[in-house]
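The structure appears right after this line, and notes come after that.
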Amino acid sequence: MLNLWGGLQCHISLVKQTQTLIREELNVTRKNIGVRMTNEERYKDYMLRGLLTSKELYMDEHPSVEVKETIAKTFMGQFNIEVDDYNDYRETYSDIPYIKSKFTKNREEGFSDIVTFYNWYKKQPQVCGYCGISQGELRELFTKDENKKLPLNGAKKRSSGTLEIERIDSSENEYNEKNCILACPLCNNAKSNLIDEDKWRELFVPGMRKYYESLLGRNLKNLKS
Ligand SMILES: [Zn+2]
């Protein structure tokens, strides 16, 4: 019994030592990254990790810094960033809050972290990965003015026409870089988990393209789906 207890204590102490080592290693890595980061990269990183929108998170990262007035001013002061540059970064990464809002719990599992997810999202062409309609063409159909074609009868659901994140193989049930593409609301909704990718492309995509072309009154910009 004593041996068992001793063994357990030893095991716990080993786990603690390992945890400390990992933590130290992480801090070193983070510091190294910190040295190499440009201010623009730092802005992107801080925004993605929510540091510029939460005083608590910012102070966690910089325990010795007192956040005065606003986090933005503290950040600019700390890293000698000019207001104009800061505003440029803000504009460049203005899509971060929107893309972050798409990073739901089940996507977190497959994409592991927000930086991977954001970089993946930004690399995606702004077209439906099935029928090829572009985000711009979708906006025309889902416009807020009198030219609005979709949704039918002015319904509110899916009223923005934004490209959605779609799992190509929904039986895999996983959101990750390989299994995801952007898709229009119609392809995403209609394919659902009832039709597989090959059959969708072969049998339904040509019809989807025709439908969109009839609503737009012209051919889709993308010649192929
Ligand atoms: Zn589509």
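Considering only alpha-carbon pairs that sit under 8 angstrom and 6 or more positions apart, the relative contact order computed for the range 125-216 is 32 percent. Here the ratio of the Cα radius of gyration of the range 48-173 to 2.2 N^0.38 Å is 1.39. Once both labels are positioned 7 Å from their Cα atoms along Cα-to-Cβ, the gap between residue 56 and residue 219 label points is 5.6 nm. Cβ-to-Cβ counts within 10 Å put 98, 89 in ascending order as 98, 89, the fewest first. Scaled to the globular estimate 2.2 N^0.38 Å, the Cα spread of the range 39-94, given as radius of gyration, is 1.03. For the pairs 100/210; 122/224; 122/199, note any where the Cα-Cα span goes beyond 24 Å. Over 24 Å apart, Cα to Cα: 100/210; 122/199.
Among 43, 121, 211, the order by Cβ neighbours within 10 angstrom, fewest to most, reads 211, 121, 43.
Cross-link partners for residue 148 among the aspartates and glutamates, with Cα-Cα distance under 13 Å and sequence neighbours closer than 8 places in the same chain left out: 137, 140. Taking other residues whose beta carbon is less than 15 angstrom from the beta carbon of residue 55, and scoring Lys, Arg as +1 and Asp, Glu as -1, yields -2.
Values in this text are rule-based calculations from the coordinates and carry no lab data. Remember, it's a predicted structure, so these values are computed and weren't measured experimentally. Virtual Cβ from ideal backbone geometry, glycine too; neighbours counted across all protein chains shown.
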